[in-house]
Amino acid sequence: MSEPVRIGLLGRGTVGGAFAELIEARSGAVEAAIGRRPELAGVLTRQGGDFDEILADSDVVVELIGGTEPARRFVLESLRAGRPVVTANKQLLAQHGEELFDAAREAGVQLRFEAAVAGVIPIVRVIQESFGTTEIAKVFGIVNGTTNFILSEMAASGAPYEEVLARAKGLGYAEADPSDDVSGADAAAKMAILARLAFHTPVTLDEVSYEGIEQVEPDDLAYAKELGLSLKLLGVAERREAGISVRVFPCFLYGGHPLAPVSGPFNAVMVEAPEITEVTMSGPGAGGVQTASAVLGDLVSILNGDAPVHETRGRLPVVADVTSSFYLHLAVVDRPGVLAAVAQVLGDQDVSVKSVVQRGAGEDARLVMVIHECLESRFEAALAAIEKLDVLRARPRAIRVIEEEFV
């Protein structure tokens, strides 16, 4: 019999419980693959367990309690005690990643976190290992299954946001408190992690600008369908001339884009670099069993001795003002000269119109435009000026548009 690998499990909620069951079910397969059988040394929950005792009796620590405290303290103490750590805690890594990476390096042990980003998609391992020497230009995609389900259902059914959100909760795709998901905060934490890995530069959560999907209306999706667009919540981390840009925002995609057909609670991530052109990976974005499977994969990597590299190569500045295309929805009064007035304001900021759709009459008159790519600061200035026009019946709604199609 080989000597077992003793695992200290911190947290036994949805993911922790699934991981404990997976260890029991797959321990034989793990032993056959790497020569050692994993077993639980102890479990820390809100109801019981002593962290110090569990740490002393463990070879590896798995942190699945979530949040930043006491998870940060537990992970730091584990690393400093010479224990490799596996975590699925995106907020912990996005807010305290550098401190944790430094502790892992100083102790000479591994810190693994595949399950923190994009569910079962092995994007962390791909960036760290497969593309470890590649100068990545861009990492972007759909990294939140809850919002992708909501937007897919709104587009398919025409139902309003609140109704579809309730449906998502009923199906288990949204938490009782879904604010981190729908506001974009969850995706922002994941993009901070991916940006740090892709560009070898410290990126914290407060450097990621993010917007959510709470203000999306069914008619935005209906008009988008006429224009050949579909709506996704995208996370984008990319190199820019002056540094990097890391953002999360709702965005329309044309039909030829690889992310356009990704629907329901699925995630998909793309990596772009001159040497590889682009690679797209997709899969389930959430779920206890799926996340636990990614955690087990990290555990096997640790036991195999595979050591990822977490070093930084200097800090790159985060660029705030970038170029984007936009969808613009205007509820307007029904009289001559309205389109000309709006076009004049846009022109004053060097913002040009790619396409326009006029719909309705009287109290239902609408102008729906797609704006050519421009500096976001110029578009924001134009939007502020449009809001002051007396031809508007409601505040404008603007959503970014990605024009790449990869056909």
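The values are calculated or read from the model by the stated rules, or taken from the named source; none is laboratory data. For clarity, every value in this text was computed on a predicted model and none was experimentally measured. In this analysis, Cβ positions are derived from the backbone assuming ideal geometry, glycine residues included, and neighbour counts consider all displayed protein chains. SASA here: full protein model, heavy atoms, side chains in, ligands and nucleic acids out. Shrake-Rupley method; radii C 1.70, N 1.55, O 1.52, S 1.80 Å.
For the subset of region 255-306 comprising residues that are assigned to a strand (DSSP E or B) and among the hydrophobic types (A, V, I, L, M, F, W, C), which member is nearest to residue 127 (Cα to Cα)?
At the first step, the residues of region 255-306 found to be assigned to a strand (DSSP E or B) are 266-273, 277-284.
Then keep just the ones that are among the hydrophobic types (A, V, I, L, M, F, W, C); that gives 266, 268-271, 273, 279, 281.
Numbers: 266: 20, 268: 14, 269: 11, 270: 11, 271: 8, 273: 11, 279: 11, 281: 12 Å.
Of everything passing the filter in region 255-306, 271 is nearest to residue 127 (Cα to Cα).
Go through the residues of region 303-321 one by one and say whether even a single one is in contact (Cβ under 8 Å) with a residue 60 or more places away in the chain, small (Gly, Ala, Ser) and in contact with a Cys (Cβ under 8 Å, 6 or more places away or on another chain).
no
Report, ordered by the first and then the second residue, all pairs with beta carbons closer than 9 Å, sequence separation of six or more or different chains, a first member in region 211-225 that is within 15 Å of residue 400 (Cα to Cα), and a second member that is open to solvent by 20 Å² or more (accessible area, probe 1.4 Å) and part of a loop (DSSP other than H, G, I, E, B).
Hits for this filter: 217/160; 221/158.
Take region 62-74 and flag every residue that is farther than 19 Å from residue 300 by Cα, in contact with a strand residue (DSSP E or B) (Cβ under 7 Å, 6 or more places away or on another chain) and open to solvent by less than 40 Å² (accessible area, probe 1.4 Å).
71, 74
For region 158-254, list the helices (runs of 4 or more DSSP H) that sit wholly inside it and hold at least 3 residues that are more than 23 Å from residue 320 (Cβ to Cβ) and open to solvent by 30 Å² or more (accessible area, probe 1.4 Å); which are they?
Numbers: elements: 161-170, 179-183, 185-199, 218-226.
Result: 161-170, 218-226.
Would you check which residues across region 44-61 are open to solvent by 40 Å² or more (accessible area, probe 1.4 Å) and not acidic (Asp, Glu) and list them?
If the condition is that a residue be open to solvent by 40 Å² or more (accessible area, probe 1.4 Å) and not acidic (Asp, Glu), then 45, 46, 47, 49, 56 are the ones that fit.
Which number in (1) assigned to a loop (DSSP other than H, G, I, E, B); (2) touching a strand residue (DSSP E or B) at 6+ places or on another chain (Cβ under 8 Å); (3) surrounded by 23 or more Cβ atoms within 10 Å (Cβ to Cβ) marks the one condition that residue 134 misses?
Against the list (1) assigned to a loop (DSSP other than H, G, I, E, B); (2) touching a strand residue (DSSP E or B) at 6+ places or on another chain (Cβ under 8 Å); (3) surrounded by 23 or more Cβ atoms within 10 Å (Cβ to Cβ), residue 134 comes up short only on (3).
Check residue 380 against each of (1) modelled with pLDDT under 95; (2) of a type outside the set (Phe, Trp, Tyr); (3) within 25 Å of the chain's Cα centre (by Cα) and name the one condition it does not meet.
For residue 380, the exception is condition (1).
Being within 15 Å of residue 396 (Cα to Cα), among the small types (Gly, Ala, Ser) and buried (at least 18 other Cβ atoms within 10 Å of the Cβ): is that true of residue 365 here? I'd like the intermediate steps shown before the answer.
Working: within 15 Å of residue 396 (Cα to Cα): yes; among the small types (Gly, Ala, Ser): yes; buried (at least 18 other Cβ atoms within 10 Å of the Cβ): yes.
Taking the combined requirement at face value, the residue satisfies it.
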